Amino acid sequence: MPERIYLDHAATSPLRPEARAAMEEGFEIWANPSSPHAEGRKAREALEAARGRIKVALGWQGEVIFTSGASEALALALQQGQAGARLVSSVEHDSVMQAAVDAERLPVRADGALDLETLMEAVQRERPLVVVQHLNSETGNRQDLAAIADIVGQAGGLLLADCAQSAGKVTLPPCDMAAISAHKFGGPIGIGALLVKDYAMLKPSGGQERGYRRGTENLPGVLGLAAALEACASPYFAAEVLEPLDTLAEQCRNLGGTWLSDRLCDPTSCIRAIAMPNMSATAQVMRFDMAGIAVSQGSACSSGTMKTSRVLEAMQLKPDIAARTIRVSVGWNTTRAEVERFCEVWLELAGKG
């Protein structure tokens, strides 16, 4: 077992060896893909080949616009989407909330599911753009994107799915646009994409990427993204890796803690939210770190503030439980021994608190 145990894959997953090798190849193709000379044409050929490989790996029939990550992809869709009102769920990632400050917030139920009755009323306006996170980054809850896409589609709107946490792990959901980020599934940091069924859904802004995103393409990053996605064709992690958590869930309940998956409408296995019965989340994160284990308190993009999660607040979780909730997330290289060690330390801390 390594000296340090990393269980914060929802923030950043370690680079896969396949992605590293692909990036090294990319660094050898050093020319700008937009340049007309031979070197530029060679870089363009590699870029377009990777674009095609990404479509195949994701089963995506539309277009792919490369970005610096999911946050930029979401902002691009929100700012350039050919739609009217912007509607976002109340449990979206901070990047969506910041890019759609004036958007209408759609409530979720206590189980984390988007309130579909409210959605049906909200989409009754001219061509709305609805943003919903496929797999929640704090709780691991999965939204019913098929049902949501049906409601949005019937109203003549567009559905933008934030697939940062789900791409490479589960099948892409029905949607008009989707945002992905390579570092969530073992690709390099600083590369992602906006998937769009048709370019006509976006207003062009000029520049590269067919005129929809300015800036020289990050070829090594793109090649790393493609290689990482292809490596995801095998199971994201072995099922037996998570077995110790099932035992911990029962022990958590018996000790008076809260296993948030119990109340979620569709919990997924790679992200778990757990409330210890007698210790704040802030203290837990520090104690686990001292024990050599990296976990987090909510989304990495907002956890630095150490404030109570607005996602948990939106789910009407009691404030004292929300204040004691940490996030544990596993990835492609997580081992059963690492999960067992986490469970051991969790029980030690629960007994000391």
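The values are calculated or read from the model by the stated rules, or taken from the named source; none is laboratory data. Since the structure is predicted, the reported quantities are computational estimates derived from the model, not experimental observations. Positions of Cβ are generated from backbone atoms using ideal geometry, with glycine treated the same way; all protein chains shown enter the neighbour counts. Side chains are part of the model used for accessible areas, which takes the heavy atoms of the whole protein and leaves out ligands, DNA and RNA. Shrake-Rupley method; radii C 1.70, N 1.55, O 1.52, S 1.80 Å.
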_Rounded to 10°, Cα long-axis angle of helix 281-290 versus longest principal axis of the chain_ = 90 degrees
*LYS203: accessible area at probe 1.4 Å, nearest 10 Å²?*
100 Å²
*Largest first, how would CYS265, CYS163 line up by accessible area (1.4 Å probe)?*
CYS265, CYS163
*Summarise the accessible area of the chain (1.4 Å probe, protein heavy atoms) by the percent that is carbon and sulfur.*
51 percent
*Along the Cα-to-C-beta direction of SER234, a point sits 7 Å from the Cα; which residues of region 27-62 have their amide N less than 18 Å from that point?*
57
*Return the whole-Å distance between the Cα centroid of region 264-291 and the Cα centroid of region 184-226.*
34 Å
_Positive-end residue, region 91-212 charge dipole about Cα centroid, Cβ charges, pick of GLY207, GLY157, PRO174_ = GLY207
_Projecting each Cα onto the charge dipole of the chain (Lys/Arg +1, Asp/Glu -1 at the beta carbon, about the Cα centre), which of GLY40, VAL295, ASN333 comes out farthest on the positive side?_
GLY40
*asked:* To test your reading of the geometry: what angle, between 0 and 90 degrees and rounded to tens, separates the Cα axis of helix 336-352 from the longest principal axis of the chain?
replied: 40 degrees
*In degrees from 0 to 90, rounded to the nearest 10, what is the angle of the helix 38-58 Cα long axis to the longest principal axis of the chain?*
50 degrees
*Which value, in debye to the nearest 20, describes the size of the charge dipole of region 229-288 about its Cα centre when Lys and Arg Cβ atoms bear +1, Asp and Glu Cβ atoms bear -1, and nothing else is charged?*
360 debye
*Amide H neighbours of GLY81 under 5 Å, at least 5 residues apart or on other chains, H built in the peptide plane: list them.*
LYS203
*Give me the number: length gained by fully extending VAL170 to GLN124, i.e. 0.36 nm times residue separation minus the C-alpha to C-alpha distance, one decimal in nm.*
13.5 nm
_Under the Karplus curve 6.51 cos²θ - 1.76 cosθ + 1.60, θ = phi - 60°, whole-Hz ³J(HN,Hα) for region 190-198, x wherever Gly or Pro sits_ = x, 9, x, 7, 9, 8, 9, 4, 8
*Any idea of GLU250's accessible area? Nearest 10 Å², probe 1.4 Å.*
90 Å²
*asked:* Just to check I understand the Karplus step: with θ = phi - 60° and J = 6.51 cos²θ - 1.76 cosθ + 1.60, what whole-Hz values come out for region 253-264, glycine and proline as x?
replied: 4, 5, 8, x, x, 10, 9, 4, 4, 4, 9, 7
*Solvent-accessible surface ranking, highest first, for HIS9, HIS37, HIS183 at 1.4 angstrom*: HIS37, HIS183, HIS9
*Exactly which trypsin sites (Lys or Arg not before Pro) in region 183-290 are in a DSSP loop and have at most 10 other Cβ atoms within 10 Å?*
ARG214
*Pull up all non-local amide H partners of SER296: gap of 5 or more, or a different chain, and H-to-H distance under 5 Å with H placed in the peptide plane.*
ARG327
*If you place +1 on the Cβ of every Lys and Arg and -1 on the Cβ of every Asp and Glu, how big does the dipole about the Cα centre of region 15-127 come out, in debye to the nearest 20?*
340 debye
_Given R₀ = 41 Å, what would the calculated FRET efficiency be for ALA85 paired with ASP320, taking r from the Cβ atoms and rounding to 0.05?_
0.65
*Cα-based Lys proximity count in the chain, under 16 Å, for pairs eight or more positions apart or on separate chains*: 4
*What whole-number value in Å² describes the accessible area per residue of the chain for a 1.4 Å probe?*
41 Å²
_I need the shape label for the chain. Rule: rounded when a/c is under 1.5, else prolate if a/b > b/c, else oblate, with a, b, c from the alpha carbon gyration tensor._
oblate
*asked:* What distance in nm separates the two pseudo spin-label positions at GLU250 and GLU45, each 7 Å out from Cα along the beta-carbon direction?
replied: 6.0 nm
*Ignoring ligands, DNA and RNA, how do THR12, THR139 rank by accessible area with a 1.4 Å probe, largest first?*
THR12, THR139
*Each residue of region 88-97 in turn: what ³J(HN,Hα) in whole Hz from Karplus with 6.51, -1.76, 1.60 and θ = phi - 60°, glycine and Pro shown as x?*
10, 6, 6, 10, 6, 4, 4, 4, 6, 4
